[in-house]
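Here the structure is laid out as structure tokens; the discussion comes afterwards.
The values are calculated or read from the model by the stated rules, or taken from the named source; none is laboratory data. Here the structure is a predicted model, which is why all the values come from computation and not from measurement. Glycine also receives a Cβ, built like all others from the backbone with ideal geometry; neighbour counts cover every protein chain displayed. Note: areas computed on protein heavy atoms with side chains; ligands, DNA, RNA excluded. Shrake-Rupley method; radii C 1.70, N 1.55, O 1.52, S 1.80 Å.
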Amino acid sequence: MPDRLIRVNAYTTLDLVDGRTRGHEFEADAPGVVNVTAPREDPEHVTLAVELDNTAIDDLAAHADEIDLSPAQARTLAEALESTADRVEAARSGDDGDL
């Protein structure tokens, strides 16, 4: 990703994820980066940022999407990710369980 807006380093949360972007007239798959950060000094929010490789997408200019979350919102998102991951793992293993 030569035109990267999110700095990717050893501390980046997830790099090289499979991503997809959709618009009214297009849909494209591209590798991407997902990062979770908070300001170093006096943090008041958690930032979730996603950037897809713009060289793989002709219909979209280079950009990164960022969402600022309160600590409660970040925990709600984390819980939703955890429960959904459990459900996907159970489906992959063939365990229907109570999920």
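Just how large is the dipole of the range 1-72 about the Cα centre, in debye to the nearest 20, putting +1 at every Lys and Arg Cβ and -1 at every Asp and Glu Cβ? Result for the range 1-72 is approximately 220 debye, rounded to the nearest 20. Subtracting the Cα-Cα distance of S70 and T55 from 0.36 nm times their residue separation leaves 2.1 nm of extension gain. Computed with a 1.4 Å probe on the full set of protein chains, the accessible area for E44 sits at about 150 Å². Scanning residues 5 or more positions from V17 or on other chains, those with amide H under 5 Å from its amide H are G32, V33, V34, with H placed 1.01 Å from N in the peptide plane. Overall, the ratio between the Cα radius of gyration of the chain and 2.2 N^0.38 Å, rounded to two decimals, is 1.28. Label-to-label distance for T47 and D3 is 2.1 nm, based on points extended 7 Å past Cα in the beta-carbon direction.
In the chain, Cα pairs under 8 Å separated by at least six residues give a relative contact order of 21 percent. Share of carbon and sulfur in the accessible area of the chain stands at 47%, probe radius 1.4 Å.
What does the helix-only formula give at 222 nm for the chain: each DSSP H stretch with n ≥ 4 adding -39500 (n - 2.57), the total divided by the residues, and the result rounded to the nearest 500 deg cm²/dmol?
-8000 deg cm²/dmol
Once all protein chains are placed together, V88 keeps about 70 Å² accessible to a 1.4 angstrom probe.
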